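Heads up: the structure comes next, in structure tokens.
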């Protein structure tokens, strides 16, 4: 697909919904992978968990693109909900920072057939990764659907140049 077609298909403003869909898909794949290993279906588990990792990588790329071009989006909910939102966001962000490292280490041990190390890591990786995937969808719903977002001026436009300063409305 050419860049022009890709740009026509998706705009930066669409990426939060894409990211939420990718997080939801990762959640489903993680749960399916967990069920498969409990059923001792190792090859299906392996394929499913690698798919979950791939979806998470695509999410990360989309997330970074969005935040590079879209500027900062502030939560617009009322004070009591805002505290819940920011507590959820804080735990989400802190744990999300660990997922790539945990996932890569867990996958590496699994592919190397080092089962004891793979299981040890997976006991930590799975619940953290699942929590991050689920809370990503919840944060999206709170930020974009339950309460109107407060957007600030983007720092860059899509070409990488500084975004023009906006003039205040009178």
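What ranking, highest mean first, results for peptides 38-48, 136-146 when packing means the other Cβ atoms within 10 Å averaged over each residue?
Numbers: 38-48: 13.3, 136-146: 17.1.
Going by the mean number of other Cβ atoms within 10 Å, highest first, we get 136-146, 38-48.
Rounded to the nearest 0.05, what FRET efficiency do residue 24 and residue 94 have when you use their Cβ-Cβ distance and R0 = 35 Å? Before the final figure, lay out the partial values.
On the way: r = 21 Å, r/R0 = 0.61.
Efficiency at R0 = 35 Å is approximately 0.95.
For region 1-155, what is the convex hull volume of the alpha-carbon atoms per residue, in Å³?
Working: hull volume 20.2 nm³, N = 155.
Considering the Cα atoms of region 1-155, their hull volume per residue is 130 Å³.
7 Å from Cα along Cα→Cβ at both residue 87 and residue 68: what's the point-to-point distance in nm?
3.6 nm
Every read-out reported here was derived from the displayed coordinates using simple, explicitly stated rules and does not represent laboratory data. Here the structure is a predicted model, which is why all the values come from computation and not from measurement. Don't worry about glycine lacking a Cβ; one is built from the backbone with ideal geometry, like all the others, and counts go over all protein chains shown.
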